[in-house]
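Peer 1: Quick one: the structure is below, questions incoming.
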Amino acid sequence: MPLAYSAVKLLTKPLPKVIRPGAHFGFEYLTAGAFFASAAMIWKLNKRAAIGATICGAAEVAVASLTTRPGGRPRAISFATHGRTDMGLALMTAMMPRFMGIEDAPQSKLFLVESIVMTAVAGLTDFDSEGAQHSLEAPYEQRQIA
């Protein structure tokens, strides 16, 4: 599975970065929703795969929720750092079948597909665009709330 992850990462590197920050977060929440829906559907078939999908979905939501949106209030993770974190989440997703001991189960394909999608979205997102930069004129505590 990490081979497919590496191939997608390599293929998307030279391509133009066409996904803007708002669309990127939309993809993230769709991915998390797919993980949670998959977990619900496969619970009776393979509890380990369902637990792995839930872990991946929760990680995706957590990182997205902790990331500063362009033009939004500051949060724990910058959008540029979020881009590097996304690649780590995609790799974690690719390795989840091995971690959960389900490499030979048919449900392991879910993790391969999701990691490829996550890698492609991260590889095609412009994390350095003008709209993605969030400058802080003053620390968060010193900002006045309107």
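Every read-out reported here was derived from the displayed coordinates using simple, explicitly stated rules and does not represent laboratory data. As the structure is a computational prediction, the values presented were derived from the model and not from experiment. Because the Cβ atoms are built from the backbone with ideal geometry, glycine has one as well, and the counts that use them run over all protein chains shown.
Peer 1: Can you name the residue in region 35-81 that is of a type in the set (S, T, N, Q) and farther than 17 Å from HIS24 by Cβ and, of all such residues, is surrounded by the most Cβ atoms within 10 Å (Cβ to Cβ)?
Peer 2: SER38
Peer 1: Since GLY72 meets every condition but one in (1) farther than 19 Å from MET118 by Cβ; (2) in contact with a His (Cβ under 8 Å, 6 or more places away or on another chain); (3) without any contact (Cβ under 8 Å) to a residue 40 or more places away in the chain, which condition does it not meet?
Peer 2: Unmet for GLY72, out of (1) farther than 19 Å from MET118 by Cβ; (2) in contact with a His (Cβ under 8 Å, 6 or more places away or on another chain); (3) without any contact (Cβ under 8 Å) to a residue 40 or more places away in the chain: (3).
Peer 1: Let me ask something else. Tell me which of these ARG48 doesn't satisfy, since it passes every other one: (1) of a type outside the set (Ser, Thr, Tyr); (2) touching a residue at least 12 places away in the same chain (Cβ under 8 Å); (3) closer than 19 Å to ALA122 by Cα.
Peer 2: Condition (3) is where ARG48 drops out.
Peer 1: Exactly one of (1) surrounded by fewer than 17 Cβ atoms within 10 Å (Cβ to Cβ); (2) touching a Gly at 6+ places or on another chain (Cβ under 7 Å) is unmet by ARG84. Its number?
Peer 2: Answer for ARG84: the failing condition is (2).
Peer 1: Okay, next question. Among the residues in region 117-126, are any over 13 Å from the mean Cα position of the chain (by Cα), within 21 Å of LEU11 (Cα to Cα) and part of a loop (DSSP other than H, G, I, E, B)?
Peer 2: Scanning region 117-126, I find at least one residue that is over 13 Å from the mean Cα position of the chain (by Cα), within 21 Å of LEU11 (Cα to Cα) and part of a loop (DSSP other than H, G, I, E, B), so the answer is yes.
Peer 1: Could you run through region 96-111 and say how many residues are surrounded by fewer than 16 Cβ atoms within 10 Å (Cβ to Cβ), in a helix (DSSP H, G or I) and of a type outside the set (D, E, K, R)?
Peer 2: Here the count works out to 1.
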